[in-house]
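Undergrad: Before I ask anything, here is the structure I am working with.
The values are calculated or read from the model by the stated rules, or taken from the named source; none is laboratory data. Since this is a predicted model, take the numbers as computed values, not measurements. So basically every Cβ, Gly included, is an ideal-geometry build from the backbone, and we count neighbours across all protein chains shown.
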Amino acid sequence: MNQSRRQFMTRVGKSVAFLVAVVNLPRVVWANWSASAFGATDLDTAIVERYGNLAIADSDAIQLKAPSIAENGAVVPISIATTLAAKSISVFVEKNPSPLSCSFNIQPRMNTDVSVRIRMGATSNLIVLVEADGKLYRTSQEVKVTIGGCGG
Amino acid sequence: MFTTRIQLTLSLTVATLVASACMPMSKKAGMDYPALVQDDVTTFQAFFEKRFPDTEKADYINGVYSIDADARSQWESLEEFPPYELSVDQGKALYETPFANGSSYATCFGDGAVRSQYPYYDEDRAMVITLELAINECRTANGEKVLKYKKGDLAKVSAYMSFVSRGQAINVDVASEGAYNAYMDGKEFFYSKRGQFNISCADCHMRATGFYLRADVPSPGLGQTSHFPTFRTKWDALGTLHRRYGGCNENIRAKAFPAQSPEYRNLEYFQTVMSNGLVFNGPGSRK
Amino acid sequence: MKVKASARNGSVIVKTLLAHPMETGRRKDGDGKLIPGHYITEVEANHNGERVFHCELGPSVSKDPYLAFSFQGGNSGETFTMSWVDNKGENESTEVEIR
Amino acid sequence: MININTLLSSLVLSLMLALSGLASAAEATNATQMIAEAEAMNQAAADVGFEWRDTRSYIADAVKALADGKEDQAYQLASEAYEQAKLALIQGKLMRENWQQYIPL
């Protein structure tokens, strides 16, 4: 979790080597970040802030790949794929201080298959909501987070 | 709080006391050391073959990920952009930077792809030489200060050298009496229970490997030295094998030995011999 | 920013690691003072003037965020841009070649 | 409840102690002496390479408690350190002689 400013700048500097070019784009117009949803401190509020009161139904058309026991709660790799005509995909961690972790807004040419690494403060349910056809489809999985072990 | 009195008693059984009376003493002159050691290697590796019939022998270099699919998929995801990548680059820069006297690591190690030459038993000095020790000796021979053995620049240089040596075969010779004695010291260390928990290396990494020890699956003892230095998520940095040894010892509540102490060098020697036939694949990334 | 992009079966598969501290705003420094939150809020990719990826992140995404996704169209040798912006308005854009 | 294993184990322990020539329990009557005995015993354990992780900090805590005038606490902490060190020494001697018995092959 520790990363000094200097390290950070070194990384940024280094990453330049990986680029074809760093370009000066016209300032990207950013969509509105869902501040109230990310700021919510409980799951229900986070869902309502993000999606309003859309109906939620469990779905097996969402494939969530996540570890059953996280090697490290600071880096929990997850992958989500769905055959639903998704408009957006959101990841919630029930017991995190702010449950909404990230939200993918599916673009016309974007495939509904994404991976991300998230933080989990404690053993918790991981909930994925897929917004499609004006409804929410849900899948969830428990991920165990342990601390203080010998590390294998 | 004051309960240590009974903690040892479980394993100190009458049987061992009786058995101790009939222990043969080994180490006689004119012994076929390579054959003795090869027997040990065969038995050791067969133990893991039997425990994990589905694991390919060559895969043990991947540690616990060779036997734990859930952990493996997390690790593979991490290796998409390996966390040690930056350290290897920094190690390369350090490797190529000349010392004050104009020579450099390359003066000692050429292109650096020498991982498989270590550890070895130095007959003249009657001691095991590890890669990390050799790196510091290269420095002192060129008038540079020694580096700390557990992390930082030394680990980075070692990581770079391991990286350019990836795929080199592990094939440590134990050909002389001196080498065999060092090997036996390491072997004794590996199998001796120590610390307040009265646990040996073998207890976790042979007996308990593949099972959960609280929330962790201890890695198999086979292949453990192939992938160091290792970037541990827990450390958020690179660390050497001897740093890990120290951490293991503290976990069983034994006082750790210093990095590059004779105890840990001999342990590294023994463990690397046990992995003969595998390949070096450092640096690694682990939890 | 490190990006690997390869064209496969009509899609471009993208894996990216954004160097960023992702401070949660809940961590304390050595003196016990809260370190202010500092995290990426949005990431997007544009190909041929069209947005092909957009993601909103919160502070509970891991340090040095890793994202993998894919989009249709796009051929080997072409380029697209990856961009992120954080809660302090810092941002970075990169042109990436598809392999 | 005492089971047979525990009984046998304590028998072995006392036997080992007797054999090791360290049969005497600590004879310290005050904290200062107890600390000295703990230190000596811990050094003996360290000499065979089997010192435990926390023994030294118990001794350090005992020294501190004594300096703070907490004689009883100091004595207790030093006793704990002494017991740890004694077991560590037994462990070390036992392993030095019998480690081959513990190879799980």
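Undergrad: Picking from C:ALA7, C:ALA45, which residue would you name as being more than 9 Å from chain A (Cβ to nearest Cβ) and among the aliphatic types (A, V, I, L, M)? Step through it out loud before you land on a result.
TA: Values: C:ALA45 fails: more than 9 Å from chain A (Cβ to nearest Cβ).
The conditions single out C:ALA7.
Undergrad: When region B:58-92 is examined, which residues are found to be over 25 Å from C:LEU67 (Cβ atoms), in contact with a helix residue (DSSP H, G or I) (Cβ under 7 Å, 6 or more places away or on another chain), assigned by TED's automatic domain parsing to the domain that holds B:MET206 and charged (D, E, K, R)?
TA: Of everything in region B:58-92, just one residue is over 25 Å from C:LEU67 (Cβ atoms), in contact with a helix residue (DSSP H, G or I) (Cβ under 7 Å, 6 or more places away or on another chain), assigned by TED's automatic domain parsing to the domain that holds B:MET206 and charged (D, E, K, R), namely B:ASP59.
Undergrad: Considering only residues of region D:46-71 that are free of Cβ contacts under 8 Å to residues at least 12 places away in the same chain and in a helix (DSSP H, G or I), which is nearest to the chain's Cα centre (by Cα)? Give the steps one after another, and end with the answer.
TA: Initially, region D:46-71 is screened for residues free of Cβ contacts under 8 Å to residues at least 12 places away in the same chain, giving D:46-47, D:53, D:57, D:60, D:64, D:67-70.
With the extra rule that they be in a helix (DSSP H, G or I), the set shrinks to D:46-47, D:57, D:60, D:64, D:67.
Working: D:ALA46: 11, D:ASP47: 13, D:SER57: 14, D:ALA60: 15, D:LYS64: 20, D:ALA67: 23 Å.
The residue in question is D:ALA46.
Undergrad: Would region B:73-86 turn up any residue that is surrounded by 14 or more Cβ atoms within 10 Å (Cβ to Cβ) and touching an Asp or Glu at 6+ places or on another chain (Cβ under 6 Å)?
TA: Scanning region B:73-86, I find at least one residue that is surrounded by 14 or more Cβ atoms within 10 Å (Cβ to Cβ) and touching an Asp or Glu at 6+ places or on another chain (Cβ under 6 Å), so the answer is yes.
Per-residue answers, yes or no, for (1) buried (at least 18 other Cβ atoms within 10 Å of the Cβ); (2) among the hydroxyl-bearing types (Ser, Thr, Tyr); (3) under 13 Å from the mean Cα position of the chain (by Cα):
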residue	(1), (2), (3)
A:THR83	no, yes, no
A:THR112	yes, yes, no
A:ASN125	no, no, no
A:GLY134	no, no, no
A:THR139	yes, yes, no
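Undergrad: For the structure I just gave you, tell me whether B:TYR149 is in contact (Cβ under 8 Å) with a residue 40 or more places away in the chain and either within 21 Å of B:ASN266 (Cβ to Cβ) or not assigned by TED's automatic domain parsing to the domain that holds B:TYR105 (or both). Talk me through it step by step, then tell me what you get.
TA: Values: in contact (Cβ under 8 Å) with a residue 40 or more places away in the chain: yes; either within 21 Å of B:ASN266 (Cβ to Cβ) or not assigned by TED's automatic domain parsing to the domain that holds B:TYR105 (or both): yes.
It is true that B:TYR149 is in contact (Cβ under 8 Å) with a residue 40 or more places away in the chain and either within 21 Å of B:ASN266 (Cβ to Cβ) or not assigned by TED's automatic domain parsing to the domain that holds B:TYR105 (or both).
Undergrad: Could I ask something else about it? Within region C:66-82, how many residues are within 7 Å of chain A (Cβ to nearest Cβ) and either closer than 20 Å to A:THR112 by Cα or buried (at least 19 other Cβ atoms within 10 Å of the Cβ) (or both)? Show your work before the answer.
TA: Taking region C:66-82 first, the residues within 7 Å of chain A (Cβ to nearest Cβ) are C:66-73, C:79, C:81.
From the residues that got through so far, the ones that are either closer than 20 Å to A:THR112 by Cα or buried (at least 19 other Cβ atoms within 10 Å of the Cβ) (or both) too are C:66-73, C:81.
So the count comes out to 9.
Undergrad: With the checklist (1) more than 14 Å from chain A (Cβ to nearest Cβ); (2) within 22 Å of B:ALA113 (Cβ to Cβ); (3) in contact with a Phe, Trp or Tyr (Cβ under 8 Å, 6 or more places away or on another chain) in hand, flag the one item B:LEU238 doesn't pass.
TA: Condition (1) is where B:LEU238 drops out.
Undergrad: Quick check on region B:152-201: of everything there that is among the hydroxyl-bearing types (Ser, Thr, Tyr) and over 15 Å from the mean Cα position of the chain (by Cα), which residue is surrounded by the most Cβ atoms within 10 Å (Cβ to Cβ)? Working first, answer last.
TA: Kept after step one, since they are among the hydroxyl-bearing types (Ser, Thr, Tyr), are these residues of region B:152-201: B:158, B:160, B:162, B:165, B:176, B:180, B:183, B:191-192, B:200.
Add one more test, that the residue is over 15 Å from the mean Cα position of the chain (by Cα), and what stays is B:160, B:165, B:176, B:180, B:192.
On the way: B:TYR160: 25, B:SER165: 21, B:SER176: 14, B:TYR180: 20, B:SER192: 22.
In this case the residue turns out to be B:TYR160.
Undergrad: Mind checking which strands (runs of 3 or more DSSP E) fall wholly inside region A:44-101 and carry at least 1 residues that are under 24 Å from C:LEU17 (Cα atoms)?
TA: Details: elements: A:56-58, A:62-65, A:76-82, A:88-93.
Correct list: A:62-65, A:76-82, A:88-93.
Undergrad: Could you check, for region B:62-71, whether at least one of its residues is over 19 Å from the mean Cα position of the chain (by Cα), in a helix (DSSP H, G or I) and either surrounded by 19 or more Cβ atoms within 10 Å (Cβ to Cβ) or not hydrophobic (A, V, I, L, M, F, W, C) (or both)?
TA: Taking region B:62-71 and keeping what is over 19 Å from the mean Cα position of the chain (by Cα), we get B:68-71.
Subset that is in a helix (DSSP H, G or I): B:69-71.
The next check asks that each one be either surrounded by 19 or more Cβ atoms within 10 Å (Cβ to Cβ) or not hydrophobic (A, V, I, L, M, F, W, C) (or both); those that pass are B:70-71.
Yes, because at least one residue in region B:62-71 is over 19 Å from the mean Cα position of the chain (by Cα), in a helix (DSSP H, G or I) and either surrounded by 19 or more Cβ atoms within 10 Å (Cβ to Cβ) or not hydrophobic (A, V, I, L, M, F, W, C) (or both).
Undergrad: Counting only residues that are within 21 Å of the chain's Cα centre (by Cα) and among the acidic types (Asp, Glu), how many does region B:86-122 have?
TA: Total satisfying the criteria: 1.
Undergrad: Test B:VAL273 against the criterion of being under 15 Å from the mean Cα position of the chain (by Cα) and surrounded by fewer than 23 Cβ atoms within 10 Å (Cβ to Cβ), and give yes or no. Quick ask: steps written out before the conclusion?
TA: Numbers: under 15 Å from the mean Cα position of the chain (by Cα): yes; surrounded by fewer than 23 Cβ atoms within 10 Å (Cβ to Cβ): no.
So B:VAL273 does not fit the description; no.
Undergrad: Mind checking which residues of region C:23-40 are facing chain A (nearest Cβ under 8 Å) and surrounded by 21 or more Cβ atoms within 10 Å (Cβ to Cβ)?
TA: Within region C:23-40, C:THR24 is the sole residue that qualifies.
Undergrad: Let me ask something else. Quick check, is B:PRO119 more than 24 Å from B:ARG265 (Cα to Cα) and not β-branched (Val, Ile, Thr)? Can you show your working first?
TA: Numbers: more than 24 Å from B:ARG265 (Cα to Cα): no; not β-branched (Val, Ile, Thr): yes.
No: the conditions fail for B:PRO119.
Undergrad: Are any residues in region A:64-91 over 17 Å from C:GLY58 (Cα atoms), touching a residue at least 60 places away in the same chain (Cβ under 8 Å) and not aliphatic (A, V, I, L, M), and if so, which ones?
TA: A:PRO67, A:SER68
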